[in-house]
Structure formats: C-alpha cells, structure tokens
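> Structure provided below as structure tokens; questions to follow.
The values are calculated or read from the model by the stated rules, or taken from the named source; none is laboratory data. Note that this is a predicted model, so its numbers are computed, not measured. All Cβ positions, glycine included, derive from the backbone under ideal geometry; neighbour counts span all protein chains shown. All accessible areas refer to the heavy atoms of the entire protein, side chains included, with ligands and DNA or RNA removed. Shrake-Rupley method; radii C 1.70, N 1.55, O 1.52, S 1.80 Å.
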Amino acid sequence: MRQASVLVVDDEPGMRNFLVKTLQPHCRAVLEAADVGIASAMLQQQRFDIVLLDNRMPGPRGIDWLVQQRNQGWRFEAIMITAFPDLDTAVEAMRAGAADFLFKPCRANQVLNAVRRSMELAALRRENLLLRHELDRARLSQRSQLLGNSPAIEAVRDRLRRVAGLPTPVLISGGSGTGKEEAARFLHALSGRADRPFVAINCATIPADMLEAELFGHAPHGADQGRTGLFVSAEGGTVFFDEIAELPRPAQAALLRVLDRQTIRPVGSERERALDLRFVFATGKTLAAEVEAGRFREDLFFRVNVLQIEMPPLKLRGTDTIDLAAFFMAGLAAELGLEPLPIDSQVRAALLRHPWPGNIRELRNFVERSLIFGRFPLETLGPATPQDIEPLDAVQRRHILQALELAGGNRSRAADWLGVSRKTIERKCARWGL
C-alpha cells in the first residue's frame with residue numbers, strides 16, 4: 001500500500017474527507033474528485049493505482065463511468081462504494097471490472113483492507129502476465145551471469161556499472177550468442193529498479209500484426225475484456241528489446257513516441273497513460289547500416305544509440321571459455337540428471353582452440369551434447385593442424401594490444417588484467433615500436 005496512488009471520487013464532502021484521512025498515512029498519494037467529470041480530467045494528468053468510486057452521484061452512475069474508462073483503455077483497480085446495496089448492483093459492478101465493493105457507512109479498517117486486497121490483486125495480475133511472457137520465450141535454461149575474468153568481459157562489466165544508475169537508454173551490440181540479454185539483466189540488477197520487473201521482448205519472434213497489442217495492450221471491444229500490455233506490466237522496471245533492428249516500421253514509430261513522451265496509448269483507446277520505464281536495446285546488426293538501407297528509422301536510431309556497449313565474441317575472452325563450460329556442465333548435468341564430465345587438459349586445449357562462431361550459445365549446446373553422448377565430441381570442433389599454430393610473440397602481441405584497447409590505453413590497468421608488471425607491457429610495446 002505504501003506505493004499506492006489513490007483517487008477518491010464521491011459527491012459527499014464528508015465521505016471524501018473520511019476516505020482521504022483514512023488512506024493518506026498508508027499510501028503514496030491520495031487525491032479527491034467531487035464528480036466523474038473532475039475524475040476524468042485528473043486521469044488525463046496522472047496515473048492512479050486505485051479509484052474509490054461512489055455509484056450514486058449527479059450525472060452518470062459510477063458503474064457507467066467505470067465501463068466508459070475501461071472501454072477507453074484505462075487500467076486501474078476500482079472499489080465501488082454505495083449506500084444502496086443490492087445483489088444486482090454488486091454483480092453489475094464486478095462485470096464492469098470493479099475489484100471490490102464497500103457499503104456506506106464503512107469503517108476505516110474496511111477501507112484499508114479493500115485497498116490492500118486491490119493492490120495485491122493488481123500485483124498478481126502483473127506477475128501472471130510476466131510469467132506467461134517469460135515461459136513463452138525460447139531462452140537459455142542456464143544463465144552465464146557475465147561470468148569470466150578476461151579483460152574483455154571486465155571492461156563490459158565496468159561500463160554497465162557506470163551507467164546502471166542513469167535513466168538513459170542503452171544499446172548493447174554484438175554477435176549472436178555473445179550474452180546481450182545477460183548484460184541487460186546485469187544492468188537491471190545493478191540499477192535502482194532491481195526490485196521491479198525485467199521484461200525481455202524479442203522483436204524477431206513476435207508477429208508484426210500482434211506486436212503493438214502485445215506491448216501497449218488493447219482496450220475492451222465487445223465480448224473481449226481487453227488486455228494489459230507488457231509496458232504497463234513492467235511499470236517501474238526495465239524493458240529489454242532484443243533484436244531491435246527487426247522491429248517493424250509501424251512499431252518503430254510507436255516506440256519513438258513512447259521514448260519521447262514516456263506515455264502509451266493502448267490499441268483502440270483514446271487515452272494515453274504515463275510510464276516509468278528504463279529501456280535497454282540489443283542488436284546483432286549495425287543499426288547505422290540499417291538506417292542507410294531504409295529499414296530502420298533515423299530518428300529512432302538517435303534515441304536508441306545514446307550509450308552503446310559492445311559484447312565481445314567468445315574467441316576474444318580467453319580462459320572465460322573454460323569457466324563458462326564448467327558453469328554449463330554443472331547446471332545442465334543437474335537439469336538432465338546426468339553425471340558431469342571432467343574437463344581435462346585435452347578438452348581445455350580444444351575449447352580454447354575453437355573459434356566459437358556461435359559464441360556462448362554454441363558452447364552451451366556443445367556441453368549439452370557432450371553430456372548426452374557421455375563424452376566430449378572433440379572431433380566436431382575440427383582437428384588442430386600446424387597451420388593453426390601462431391608464433392608465441394604474435395599471440396602475446398594480439399593479447400596485449402587487445403587489453404590496452406579495452407583499458408583505453410591505460411598500461412597499468414592492462415598489466416593488472418594480464419597479470420604482469422607495467423614494465424613488461426612497456427618493454428613489449430617498445431619492441432613493437434608502439
């Protein structure tokens with residue numbers, strides 16, 4: 001209840017005063033309206049979680065006004081209040097979408113309990129929608145959680161920590177399977193929104209004709225009771241758009257309006273509602289090239305591409321490959337009910353040699369196949385040949401230059417990541433003429 005925003009709609013000043021004084025110590029905000037006309041204007045200005053609504057007032061009945069708001073796409077938990085209780089009115093109120101019913105005169109504890117029940121009901125509805133959404137997504141059953149100690153992944157973690165507390169949109173780029181969603185979840189966990197929902201949306205998997213209704217929800221129509229969209233269900237949290245380059249053009253325009261105004265309008269509704277969301281985007285494509293090809297809006301590109309973080313391919317993460325393989329081995333063995341396989345020196349060498357074009361996803365699939373077969377099918381990774389062997393000096397040079405690039409030229413930091421002294425880095429760079 002502490003986070004509840006409440007609107008009291010009643011034509012009796014004494015009743016409004018009683019309800020406001022009862023609720024104010026327990027709720028974030030409590031406002032009042034003397035009739036439904038004033039209430040409608042207030043709903044245009046801000047969002048309310050709960051509306052306590054008198055049924056008998058001058059003008060439209062409270063129930064009729066509630067039906068009108070539902071048809072316009074407005075979503076709040078309504079508690080009907082009446083001095084003339086009867087079964088037909090109660091049934092009509094519930095069909096109109098009321099969450100609870102109070103009879104005048106009512107006591108303070110009855111009011112508080114009704115508001116508390118309504119908030120719990122709203123939370124359950126939101127959680128159910130998000131759980132269904134998560135279950136519908138094809139995702140990794142085990143999470144890498146940005147495991148690893150390589151300079152490449154440490155640089156990513158450092159940048160995510162720097163931007164975690166900011167409201168600015170973040171664009172995470174990188175090849176397929178590099179862990180873009182994991183980076184987004186890591187960012188969410190570090191932010192002040194960590195206790196609010198994280199909603200992941202794959203733009204490539206939702207049909208274009210359903211995308212806007214899925215995101216924004218849709219107002220009731222006929223026998224259809226309407227639907228709350230993912231944006232509203234994620235209120236206060238983070239929305240992650242995976243494969244943002246695949247977003248259809250009409251939805252791109254709608255998303256641009258959301259980013260500009262922080263409001264949404266459910267499909268079929270005449271009313272907008274305010275949002276409080278953090279947006280994170282991911283792409284495996286070059287968005288600038290998509291803009292050039294006319295497939296992605298330039299104005300949306302500038303709103304999305306404010307802070308960009310590049311996820312490194314697995315082949316540049318060194319021994320992180322071994323750490324990730326061990327992580328997947330433990331998790332998948334428990335999930336499949338199989339004995340984990342030991343990762344010996346021969347397996348480690350093969351894992352480090354392979355370029356992993358499918359990145360972390362390919363590694364996880366390889367570990368799962370190995371568990372099912374009861375051995376590591378190293379032959380599928382390709383045999384090593386003399387041509388695969390790089391001179392040691394070339395390997396050192398590539399690795400040191402990569403660390404320096406990720407450290408922004410800071411030789412002390414690069415030396416710490418590599419586990420050598422700064423003098424070693426300086427000596428190598430002098431030899432290479434850097």
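> List every residue pair whose Cβ atoms sit under 7 Å apart, with the two residues 6 or more apart in sequence or on different chains, where the first one lies in region 366-380 and is open to solvent by 100 Å² or more (accessible area, probe 1.4 Å) and the second, anywhere, is in a helix (DSSP H, G or I).
Taking only residues 6 or more apart or on different chains, not a single pair turns up.
> Of all residues in region 1-21 being open to solvent by less than 30 Å² (accessible area, probe 1.4 Å) and in a loop (DSSP other than H, G, I, E, B), which is nearest to residue 62 (Cα to Cα)?
The residue in question is 10.
> Of the conditions (1) part of a helix (DSSP H, G or I); (2) surrounded by 15 or more Cβ atoms within 10 Å (Cβ to Cβ); (3) modelled with pLDDT under 80, residue 124 fails just one. Which one is it?
Checking residue 124 against (1) part of a helix (DSSP H, G or I); (2) surrounded by 15 or more Cβ atoms within 10 Å (Cβ to Cβ); (3) modelled with pLDDT under 80, the one that fails is (2).
> So which residues in region 42-92 are of a type in the set (Phe, Trp, Tyr) and more than 27 Å from residue 3 (Cβ to Cβ)?
Within region 42-92, 84 is the sole residue that qualifies.
> Which condition from (1) aliphatic (A, V, I, L, M); (2) open to solvent by 10 Å² or more (accessible area, probe 1.4 Å); (3) modelled with pLDDT of 85 or more is the one that residue 51 breaks?
So the condition that residue 51 fails would be (2).
> Report whether or not residue 325 is of a type in the set (Gly, Ala, Ser) and assigned to a helix (DSSP H, G or I).
The answer is yes for residue 325.
Here's the yes/no breakdown for (1) at pLDDT below 90; (2) among the basic types (Lys, Arg); (3) more than 25 Å from residue 156 (Cα to Cα); (4) assigned to a loop (DSSP other than H, G, I, E, B):
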{"residue": "289", "(1), (2), (3), (4)": "no, no, no, no"}
{"residue": "295", "(1), (2), (3), (4)": "no, yes, yes, yes"}
{"residue": "300", "(1), (2), (3), (4)": "no, no, no, no"}
{"residue": "309", "(1), (2), (3), (4)": "no, no, no, no"}
{"residue": "334", "(1), (2), (3), (4)": "yes, no, yes, no"}
{"residue": "341", "(1), (2), (3), (4)": "no, no, yes, yes"}
{"residue": "363", "(1), (2), (3), (4)": "no, no, no, no"}
{"residue": "376", "(1), (2), (3), (4)": "no, no, yes, yes"}
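> I'd like the residue in region 22-35 that is open to solvent by 50 Å² or more (accessible area, probe 1.4 Å) and not acidic (Asp, Glu) and, out of all such residues, is nearest to residue 52 (Cα to Cα).
Going through the qualifying residues, I end up with 31.
> Next question, about the same structure. Have a look at 241, 231 and point out the one that is assigned to a strand (DSSP E or B) and either open to solvent by less than 20 Å² (accessible area, probe 1.4 Å) or at pLDDT 75 or above (or both).
The conditions single out 241.
> Can you pull out the residues in region 244-264 that are open to solvent by 30 Å² or more (accessible area, probe 1.4 Å), closer than 20 Å to residue 166 by Cβ and either of a type in the set (A, V, I, L, M, F, W, C) or in contact (Cβ under 8 Å) with a residue 40 or more places away in the chain (or both)?
Residue satisfying the conditions is 260 alone.
> Among the residues of region 167-202, how many are more than 22 Å from residue 276 (Cβ to Cβ) and either assigned to a loop (DSSP other than H, G, I, E, B) or touching a Gly at 6+ places or on another chain (Cβ under 9 Å) (or both)?
The number of residues fulfilling the criteria is 9.
> If you go through region 381-409, how many residues are over 36 Å from the mean Cα position of the chain (by Cα) and modelled with pLDDT of 80 or more?
Qualifying residue count, region 381-409: 1.
> Got a number for residues in region 167-209 being open to solvent by 60 Å² or more (accessible area, probe 1.4 Å) and either of a type in the set (Val, Ile, Thr) or touching a residue at least 24 places away in the same chain (Cβ under 8 Å) (or both)?
Total meeting the criteria: 8.
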